[in-house]
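Enquirer: Questions regarding the structure given below will be posed in turn.
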Amino acid sequence: EKGGYKHFMAKEIAEQPVVLGDALRHYLKADHINLPEELDFSNIERLTLVACGTAFYACSVAKYWFESLAGLPCEIDVASEFRYREPPLPKNSFALFVSQSGETADTLAALRYCKGKVAHTVAVVNVPTSSIAREADLALPILAGIEVGVASTKAFSCQLLALAVMALKAGRDRGHLSAAQAAAHMDTLRALPGLMNAALATSDEIARLAAQLAEAQDILFLGRGAMYPLALEGALKLKEISYIHAEGYASGELKHGPIALIDRTVPVIVMAPHDRLFDKTVSNMQEVMARHGKVLLVTDAKGATTAAEGTWAHLRMPEVAEPFAPILYALPAQLLAYHTAIAKGTDVDQPRNLAKSVTVE
Ligand code: F6R
């Protein structure tokens with residue numbers, strides 16, 4: 001059942017090019033975005049995205065996409081806060097609930113809170129028969145296949161894909177993207193499975209770096225733009241399976257406090273494709289290096305040529321057009337967590353104190 005892999009997590013990480021390919025074929029038919037007609041974003045004034053844990057980080061990435069590709073104001077929150085803060089909701093809005101299991105108690109309660117208050121409640125789920133899928137007005141499958149490892153991997157990238165496709169539809173519906181721009185973004189998405197295979201090929205290199213990461217007490221992840229929530233996800237993945245304390249920060253926030261933590265014992269993982277924000281992230285990275293932080297730069301060939309000098313190590317991802325790099329960079333983040341946990345000898349598929357589905361609040 002593990003298909004020759006030692007752990008479900010390893011299998012599920014490796015499956016991502018295939019499941020993402022399946023999801024792409026489902027959601028993109030030539031130039032047509034295959035989403036329900038009712039999901040018409042033309043006159044919507046706001047999108048609210050609610051989830052927990054990794055699914056919340058998928059929503060956090062998607063906020064960047066909905067805002068930049070569709071000019072659609074987005075609100076995001078973790079379900080446990082959202083459900084109790086009595087948020088006012090414009091009638092003319094959609095509320096989106098992202099959940100792998102579709103059974104997370106707080107997310108389900110947040111959905112029930114929104115019902116009748118917004119134009120549509122939309123579930124983005126992996127389990128189509130789940131409570132969240134049944135109770136939402138619309139349910140969209142992420143098509144990741146059964147995920148067994150407690151740490152979510154392929155569900156995360158497939159959540160991102162479903163959200164990316166939705167953001168493109170929103171961009172078209174709202175006249176924010178031309179047909180040609182949308183088609184170019186679709187091509188970027190369709191290229192991802194191939195790029196993911198190249199990203200997976202860095203697994204052995206990551207395993208070698210992980211032997212040293214496993215010695216650390218604390219590890220920081222930095223990112224900017226849509227790579228910021230990916231930094232949060234990288235830190236979550238690492239702490240849940242390796243039990244090493246990890247935090248993700250927006251690169252620009254570093255000097256507002258966390259830089260005080262940096263010394264030669266602290267690895268800092270910088271997730272930075274060579275995009276329009278690259279130089280800014282690099283200058284934050286150099287501040288870390290000046291304080292002897294141990295930088296691992298995850299970037300592409302252009303980024304490595306400009307900025308790898310003086311880092312402890314760097315990993316090269318293939319180039320990916322903005323703004324979908326987080327889907328690709330999720331893979332090295334997952335592999336870093338996986339190999340570090342293996343180096344520490346923890347139980348990666350069944351980390352202590354965690355359950356696959358959190359059905360109590
Ligand atoms: C982390 C992880 C959790 C879940 C969270 C939400 O790897 O798996 O943070 O993402 O418990 O679960 P779902 O998506 O089932 O609602």
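The values are calculated or read from the model by the stated rules, or taken from the named source; none is laboratory data. Just so it is clear, the structure is predicted and the values come from calculations on it, not from any experiment. Methodologically, a virtual Cβ is constructed for each residue, glycine included, from the backbone with ideal geometry; neighbour enumeration extends over all protein chains shown. Surface areas here come from the heavy atoms of the whole protein model, side chains and all, with no ligands, DNA or RNA. Shrake-Rupley method; radii C 1.70, N 1.55, O 1.52, S 1.80 Å.
Enquirer: What do you get when you divide the Cα radius of gyration of the stretch 1-118 by 2.2 N^0.38 Å, with N the number of residues?
Expert: Ratio of Rg to 2.2 N^0.38 Å for the stretch 1-118: 1.24.
Enquirer: Right, something else. Could you give each residue of the stretch 261-275 its phi-based ³J(HN,Hα) in whole Hz, using Karplus coefficients 6.51, -1.76, 1.60 with θ = phi - 60°, and x for Gly or Pro?
Expert: Working through the residues one at a time gives 7, 6, 8, 5, 8, 9, x, 10, 9, 9, 9, 8, x, 6, 10 Hz.
Enquirer: Nearest 10 degrees is fine. How inclined is helix 105-114 to the longest principal axis of the chain, computing both from alpha carbons?
Expert: 40
Enquirer: How far apart, in nanometres, would the label points at W312 and E45 be if each is projected 7 angstrom from Cα along the Cα-to-Cβ direction?
Expert: Taking the two extended label points, one gets 4.9 nm.
Enquirer: How many percent of DSSP beta bridges within the chain run antiparallel, rounded to 5?
Expert: 5
Enquirer: What's the extension gain from E205 to A109 if we count 0.36 nm per residue and subtract their Cα-Cα distance?
Expert: Taking 0.36 nm per residue and subtracting the Cα distance, the gain is 30.3 nm.
Enquirer: Set the Förster radius R0 to 41 Å, insert the Cβ-Cβ distance between D347 and S178 as r into 1/(1 + (r/R0)^6), and round the FRET efficiency to 0.05.
Expert: 0.25
Enquirer: Follow-up. So if I take the centroid of the Cα atoms in the stretch 141-194 and the same for the stretch 1-68, what is the distance between those two points in Å?
Expert: About 5 Å separates the Cα centre of the stretch 141-194 from the one of the stretch 1-68.
Enquirer: Long-range amide H contacts for K294: which residues qualify at under 5 Å (H placed 1.01 Å from N, peptide plane, sequence gap of 5 or more or a different chain)?
Expert: V266, V268
Enquirer: Residues with amide H under 5 Å of V124's amide H, sequence separation 5 or more or different chain, H placed in the peptide plane at 1.01 Å from N; which?
Expert: F97, V98, S99, L140
Enquirer: Please work out how much length the chain gains when fully extended from E81 to E37, using 0.36 nm per residue of separation minus the C-alpha to C-alpha distance, in nm with one decimal.
Expert: That pair, E81 and E37, stretches by 12.7 nm at full extension.
Enquirer: One quarter of the convex hull surface, Cα atoms only: what value does that give for the chain in nm²?
Expert: Numbers: hull surface 67.1 nm².
With the hull built on Cα positions only, its mean projection is 16.8 nm².
Enquirer: Once both labels are modelled 7 Å past Cα along the beta-carbon direction, what's the D22-E253 spacing in nm?
Expert: So the two model labels end up 3.5 nm from each other.
Enquirer: When the chain is modelled as a GNM with alpha-carbon springs shorter than 10 Å, which of L168, L236, L277 fluctuates the most?
Expert: Judging by the Gaussian network model, the answer is L277.
Enquirer: What's the extension gain from K91 to T265 if we count 0.36 nm per residue and subtract their Cα-Cα distance?
Expert: Length gained, K91 through T265: 57.5 nm.
Enquirer: Just the accessible area per residue of the chain, please: how many Å² with a 1.4 Å probe? Mind dumping the intermediate values first?
Expert: Working: 14160 Å² over 361 residues.
On a per-residue basis, the chain sits at 39 Å².
Enquirer: Using alpha-carbon pairs under 8 Å, 6+ residues apart, how would you state the relative contact order of the stretch 83-240 in percent? Walk me through the numbers before you get to the answer.
Expert: Numbers: 163 pairs, mean separation 20.7, N = 158.
Across the stretch 83-240, relative contact order equals 13 percent.
Enquirer: Amide H neighbours of D349 under 5 Å, at least 5 residues apart or on other chains, H built in the peptide plane: list them.
Expert: none
Enquirer: Who wins for biggest fluctuation among Y57, Y228, Y84 in a Gaussian network model of the chain, springs between alpha carbons below 10 Å?
Expert: Maximum fluctuation in the GNM of the chain, among the listed residues, is at Y84.
Enquirer: Report, in degrees rounded to the nearest 10, the 0 to 90 angle that the Cα long axis of helix 203-213 makes with the longest principal axis of the chain.
Expert: Roughly 60 degrees between the two axes.
Enquirer: Checking the cross-link filter: which lysines have an alpha carbon closer than 17 Å to that of K29, excluding same-chain neighbours under 8 positions apart?
Expert: K169
Enquirer: Per the 1.4 Å probe, what fraction of the accessible area of the chain, in percent, lies on carbon and sulfur atoms?
Expert: 51
Enquirer: Picking from A235, A307, A162, which is most flexible by a Gaussian network model of the chain using Cα springs under 10 Å?
Expert: The residue with the greatest mean-square fluctuation here is A307.
Enquirer: Just to confirm the number: angle between the C-alpha axis of helix 179-200 and the first principal axis of the chain, 0 to 90 degrees, nearest 10?
Expert: It is inclined by approximately 40 degrees.
Enquirer: State, as an integer percentage, the relative contact order of the chain based on alpha-carbon contacts under 8 Å between residues 6 or more apart.
Expert: Averaging sequence separation for qualifying contacts and normalising by length gives 19 percent for the chain.
Enquirer: Taking only C-alpha pairs under 8 Å that are 6+ residues apart, what is the relative contact order of the stretch 1-106 in percent?
Expert: It comes to 29 percent, rounded to a whole number.
Enquirer: Roughly how far apart, in whole Å, are the Cα centres of the stretch 78-120 and the stretch 231-306?
Expert: 33
Enquirer: Return the sequence-ordered ³J(HN,Hα) values of the stretch 291-301 in whole Hz as given by the Karplus equation 6.51 cos²θ - 1.76 cosθ + 1.60 applied to θ = phi - 60°, using x for Gly and Pro.
Expert: Per-residue couplings from phi come out as 9, 6, x, 8, 8, 10, 9, 9, 8, 10, 4 Hz.
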